[in-house]
Amino acid sequence: MDLIQQIIQRAKSNKQRIVLPEATEERTLRAADRVLAEDIADLILIGNPDEIHRLAGEWGLTNIDKATLIDPENNPKSEEYAQLLTKLREKKGMTIEKARELVKNPLYLGCMIIKTEGADGQISGALSTTGDTLRPALQIIKCAPGITCVSGAMLMVTNCPEYGENGVLVFGDVAVTPAPDAKQLSQIAYCTAQTAKSVAGFEDPRVAMLSFSTKGSATHEVVDKVIEATRLARELDPTLKVDGELQADAALVPSVGAKKAPGSDIAGKANVLVFPNLEVGNIAYKLVQRLGNAIAIGPILQGIARPVNDLSRGCSVEDIYYLVAITACQAMDAK
């Protein structure tokens, strides 16, 4: 069974409630129909119910009635949500009038449903920017305890079974925080290991903090940052298996790891790679994807108290379908 099928089976085994706030968008509605047909998750679709039913009929989608439909313009919980949003954001100048408008915005409404424990996760981005997806999530759901930065992980399914977990590795951060400091980098390490567990199904995440230096082979302030981040990651989670600073070959190749970092429990055995900044991470995953003919799944947003994931506006129906399953797996561990 390949990784995607494992993720889907994991989602089916413990169904979560996932919000799709762009429910009148064609790819989203088609993906929702497939998710519901295969019983992968319980879906909450935000949009005008008459419009959703009309579009479902027009496109021959027969499973939409299995979803919960919420009309943002006629929601009986609107005032409750507005009052709560005002309380959550009053120090930022939120007024009840502004809150009443915002809870009609499907992206804000979905996050309010999650905040009040009516749902477990949300996916948007087929129509919305990343900023529009993240803003309500960070204002309402906020970061997970002990975490102050959001990051993005990528599942890399390679053709090299000798590396990672039978060729599967998890990369972070590849999508969100451009220049993390040591504290943020330590959080990225922790969150990426959690994603490796909850989504990729790794029983034993082994995190390599990557650099152009291995155990003092070079000295520079950017190397010092990785060393400090490794120390902080161990403080953040004493059970986390993490080591650094390591070069990529020392992290992945047993013979190189044994030579460059003797005694390390991670060198040569890493299945989670944490890059020193976003520039390196983004370039690395795209090179592995294109030159190594690997499958890249993600980015998967991490660090938010409940999973909120972002799609590319050029996404396919299949992309949304897979991301529902991924978000459901994240939600299981976020509770």
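Using a 7 Å offset from Cα along Cα-Cβ at Lys286, what residues in segment 124-156 end up with backbone N under 18 Å from the label point?
130, 152-156
Quick check: Cα centre of segment 130-148 to Cα centre of segment 281-315, how many Å?
Centre-to-centre (Cα) distance: 18 Å.
Against the longest principal axis of the chain, how steep is helix 317-334, in degrees 0 to 90 to the nearest 10, with axes from Cα atoms?
That works out to roughly 70 degrees.
Tell me, what ³J(HN,Hα) does each residue in segment 3-8 have, in order and in whole Hz, if you take phi through Karplus 6.51 cos²θ - 1.76 cosθ + 1.60 with θ = phi - 60° and put x for Gly and Pro?
Residue by residue, segment 3-8 yields 4, 4, 5, 5, 4, 5 Hz.
Suppose all protein chains stay in the model; what accessible area per residue would a 1.4 Å probe give for segment 183-335, in Å²?
Numbers: 6610 Å² over 153 residues.
With all protein chains present, segment 183-335 gives 43 Å² per residue.
Under 1.5 on a/c is rounded, so check that first for segment 123-242, then, if it is not, pick prolate when a/b is larger than b/c and oblate when it is not; a ≥ b ≥ c are the square roots of the alpha carbon gyration tensor eigenvalues.
Note, shape of segment 123-242 comes out oblate.
Once you list every other residue whose beta carbon is under 11 Å from the beta carbon of Val199, what net charge do they have if Lys and Arg are +1 and Asp and Glu are -1?
+1
Could you pull out every residue, at least 5 positions away or on a different chain, whose amide H is within less than 5 Å of the one on Ala119? Hs are placed 1.01 Å off N in the peptide plane, and Pro or chain starts have none.
Residues meeting the amide H criterion: Ile114.
What number comes out for the charge environment of Gly125, summing +1 per Lys or Arg and -1 per Asp or Glu over other residues with Cβ under 14 Å away?
Details: positive: Arg27, Arg135, Arg313; negative: Glu22, Glu25, Asp132, Asp310, Asp319.
Summing Lys and Arg as +1 and Asp and Glu as -1 gives -2.
From the square roots a ≥ b ≥ c of the eigenvalues of the alpha-carbon gyration tensor of the chain, which class results: rounded (a/c under 1.5), prolate (a/b over b/c), or oblate?
The shape class here is prolate.
Which of rounded, prolate or oblate describes segment 1-151 when judged by the alpha-carbon gyration tensor and an a/c cut-off of 1.5?
oblate
Quick one: how many lysine pairs does segment 184-273 have with C-alpha atoms less than 22 Å apart and a gap of 8 or more or different chains? Give me the count, please.
14
Give, rounded to the nearest 20 debye, the magnitude of the charge dipole that segment 128-264 has about its Cα centre when Lys and Arg contribute +1 at Cβ and Asp and Glu contribute -1 at Cβ.
Roughly 140 debye, rounded to the nearest 20.
Go through Leu107, Gly131, Ile46 and say which Cα lies farthest out towards the positive end of the charge dipole of segment 45-145; charges sit on Cβ, +1 for Lys and Arg, -1 for Asp and Glu.
So the residue furthest toward the plus end is Gly131.
How much length is gained on full extension from Lys197 to Glu80, taking 0.36 nm per residue of separation minus their Cα-Cα distance?
Numbers: separation 117, 0.36 × 117 = 42.12 nm, distance 3.58 nm.
Taking 0.36 nm per residue and subtracting the Cα distance, the gain is 38.5 nm.
Let me know the charge dipole size of the chain about its Cα centre in debye, to the nearest 20, where only the beta-carbon of Lys, Arg (+1) and Asp, Glu (-1) is charged.
That gives the chain a dipole magnitude of about 640 debye.
Do you know the relative contact order of the chain, to the nearest whole percent, from alpha carbon pairs under 8 angstrom that are 6+ apart?
23
At 1.4 Å probe size, with the rest of the protein present, what percent of the exposed accessible area of the chain is carbon and sulfur atoms? Don't jump to the answer; show the numbers that get you there.
Numbers: 7260 of 14720 Å².
About 49 percent, which is the carbon plus sulfur part of the accessible surface.
Within a Cβ distance under 15 Å of Ile266, other residues only, what is the Lys/Arg minus Asp/Glu net charge?
For residues surrounding Ile266, the net value is +1.
Normalised by the number of residues in segment 184-240, what is the relative contact order in percent for Cα pairs under 8 Å and 6+ residues apart?
47
What value, in deg cm²/dmol to 500, does the helix sum -39500 (n - 2.57) over DSSP H runs of n ≥ 4 give at 222 nm once divided by the residues of the chain?
-13500 deg cm²/dmol
Apply the Karplus curve 6.51 cos²θ - 1.76 cosθ + 1.60, θ = phi - 60°, to the phi angles in segment 81-94 and return the couplings in whole Hz, x for Gly and Pro.
The phi angles translate into 5, 5, 5, 5, 5, 4, 5, 5, 10, 4, 6, 9, x, 5 Hz.
Give me the accessible area of Leu273, 1.4 Å probe, in Å² rounded to the nearest 10.
Surface accessible to solvent at Leu273 totals approximately 10 Å².
Under a straight-distance cross-link criterion of Cα-Cα below 24 Å, which lysines are reachable from Lys87, leaving out those fewer than 8 residues away in the same chain?
Result set, ordered by chain and number: Lys77, Lys98, Lys104, Lys115, Lys142, Lys335.
The values are calculated or read from the model by the stated rules, or taken from the named source; none is laboratory data. All values derive from a computational prediction rather than experimental measurement. Positions of Cβ are generated from backbone atoms using ideal geometry, with glycine treated the same way; all protein chains shown enter the neighbour counts. What goes into the accessible areas is simple: the full protein's heavy atoms, side chains included, and nothing from ligands, DNA or RNA. Shrake-Rupley method; radii C 1.70, N 1.55, O 1.52, S 1.80 Å.
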